[in-house]
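The values are calculated or read from the model by the stated rules, or taken from the named source; none is laboratory data. What you are looking at is a predicted structure, and each value in this text was computed from that prediction instead of being measured. Backbone-built Cβ (ideal geometry, glycine too); neighbour counts: all protein chains shown.
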């Protein structure tokens, strides 16, 4: 490990080969890197070890490659790992004013493909536009297909012309929109590829819609996927203090659930919708177990199973999405295996528990095998009370109702509930 601010510039009187020999054993550097004003055609002197990558901790001084007139090859950066600051923020990383360097291809491969805040400008080709910040004093909005380091919009009215943002198709970084009179985000509707960089369970919000009192709809209808550079990293959004009628369509809610997004606040409702089928998904509105059809893939409303409903319990075998709570009380059911197929839960009743399993004296198993994501407005709780005293005997008494939370930090985060009741105690 080397502790230094590495400066390579026009005063460096060594060749690339000589520098490579000098740095051949360097596997990590703490400090900063500045490669500036050189005539080198490549920077291969930063060669990584035979196995793995060369790592850089450059929190205070950053990593800069700029003003190198002959530079054409910086592919060694594909094998360079830049550590996050406090495991949250990316340090300053700039590739600028290298007129013969195609920097665009650098951002698409290797470790560089995971970073969201790289600034590239003034090169032969750049990765995309740097951070776009729009406020009440902004005079000109750039016309960009790709944006790095996010889009921030603050303190504007609905009269502000945001039409240039409709060119953005590829976004790395965050969206932060606060204190505006915007009614929807249709000006961002062309974004299809959205990438973020959040490490494990660090609570970095990637989509923040806060204090926008006229916002009634979302409107980013072409989003295909939200990708995280860290496979086990959480995806955290915040919808807070919006118009009381702000709503998400069924498709938008399903998109957030399926992309494993969690929310700090979820000030939203479900847009009115009377469809009974979307593509191959059968949608049912819950009235009672006896009136529930047997082919529901999605239920809107609380799933309530009462005494006498036992013969109808297998109707939920195909259930995958539940927009409500699970309430199973005082039944003679011996297992709740029919719950295994539920993958996504949205609960909007702020005062109600997500799961309530009470007074079922015969049940021997309670396990949501396939459940992947729970989004709530309000408390995240479950009550498991007065059931069979041996309910969790199959797992040595552990009150574990979700699968895979020991192995995946992000799954533990998005399915976490405060579970109380005599069968579990206070966990």
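See the values below:
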{"read-out": "Unmet requirement for residue 154, which otherwise passes all of (1) surrounded by 22 or more Cβ atoms within 10 Å (Cβ to Cβ); (2) more than 23 Å from residue 112 (Cβ to Cβ)", "value": "(1)"}
{"read-out": "Members of segment 178-206 found to be over 17 Å from the mean Cα position of the chain (by Cα) and outside any loop (DSSP other than H, G, I, E, B), listed by number", "value": "178, 186, 187, 188"}
{"read-out": "Tally, over segment 156-168, of residues that are closer than 16 Å to residue 215 by Cα and touching a helix residue (DSSP H, G or I) at 6+ places or on another chain (Cβ under 9 Å)", "value": "1"}
{"read-out": "Extreme residue, modelled with the lowest pLDDT, among residues of segment 157-168 that are surrounded by 15 or more Cβ atoms within 10 Å (Cβ to Cβ) and assigned to a loop (DSSP other than H, G, I, E, B)", "value": "160"}
{"read-out": "Residue 209 vs. criteria outside the structural domain of residue 89 (by TED's automatic domain parsing), in contact (Cβ under 8 Å) with a residue 12 or more places away in the chain, under 19 Å from the mean Cα position of the chain (by Cα) and under 16 Å from residue 134 (Cα atoms)", "value": "yes"}
{"read-out": "Matching residues, segment 99-143, being farther than 26 Å from residue 83 by Cβ and touching a helix residue (DSSP H, G or I) at 6+ places or on another chain (Cβ under 6 Å)", "value": "125, 141, 143"}
{"read-out": "Residue match in segment 169-186 (condition: in contact with a helix residue (DSSP H, G or I) (Cβ under 7 Å, 6 or more places away or on another chain) and either in contact (Cβ under 8 Å) with a residue 24 or more places away in the chain or outside the structural domain of residue 222 (by TED's automatic domain parsing) (or both))", "value": "no"}
{"read-out": "Test: residue in segment 191-209 that is within 23 Å of residue 246 (Cβ to Cβ) and in contact with a helix residue (DSSP H, G or I) (Cβ under 6 Å, 6 or more places away or on another chain)", "value": "no"}
{"read-out": "Residues (surrounded by fewer than 17 Cβ atoms within 10 Å (Cβ to Cβ), touching a strand residue (DSSP E or B) at 6+ places or on another chain (Cβ under 8 Å) and part of a loop (DSSP other than H, G, I, E, B)) located in segment 11-36", "value": "27"}
{"read-out": "Of all residues making up segment 347-364, the number that are surrounded by 16 or more Cβ atoms within 10 Å (Cβ to Cβ) and either modelled with pLDDT of 95 or more or within 16 Å of residue 382 (Cα to Cα) (or both)", "value": "10"}
{"read-out": "Hey, residue 344 surrounded by 17 or more Cβ atoms within 10 Å (Cβ to Cβ), at pLDDT 90 or above, in the same structural domain as residue 312 (by TED's automatic domain parsing) and touching a strand residue (DSSP E or B) at 6+ places or on another chain (Cβ under 6 Å) or not", "value": "yes"}
{"read-out": "So residue 215, is it surrounded by 22 or more Cβ atoms within 10 Å (Cβ to Cβ), closer than 13 Å to residue 243 by Cα and without any contact (Cβ under 8 Å) to a residue 40 or more places away in the chain", "value": "yes"}
{"read-out": "Failed condition for residue 146, given (1) within 30 Å of residue 77 (Cα to Cα); (2) buried (at least 19 other Cβ atoms within 10 Å of the Cβ)", "value": "(2)"}
{"read-out": "Flag if residue 276 is exposed (fewer than 14 other Cβ atoms within 10 Å of the Cβ) and more than 17 Å from residue 348 (Cα to Cα)", "value": "yes"}
{"read-out": "Condition check for residue 384: closer than 27 Å to residue 240 by Cβ, outside the structural domain of residue 244 (by TED's automatic domain parsing) and buried (at least 20 other Cβ atoms within 10 Å of the Cβ)", "value": "no"}
{"read-out": "Residues within segment 63-78 that are surrounded by fewer than 18 Cβ atoms within 10 Å (Cβ to Cβ) and part of a loop (DSSP other than H, G, I, E, B), tallied", "value": "4"}
{"read-out": "Strands (runs of 3 or more DSSP E) contained entirely in segment 367-427, each with at least 2 residues that are in contact with a helix residue (DSSP H, G or I) (Cβ under 6 Å, 6 or more places away or on another chain) and at pLDDT 85 or above", "value": "373-376"}
{"read-out": "Segment 88-121: number of residues that are part of a loop (DSSP other than H, G, I, E, B), over 11 Å from residue 148 (Cα atoms), in contact with a strand residue (DSSP E or B) (Cβ under 8 Å, 6 or more places away or on another chain) and touching a residue at least 40 places away in the same chain (Cβ under 8 Å)", "value": "1"}
{"read-out": "Selection from segment 104-119 of residues that are surrounded by 22 or more Cβ atoms within 10 Å (Cβ to Cβ) and more than 24 Å from the chain's Cα centre (by Cα)", "value": "none"}
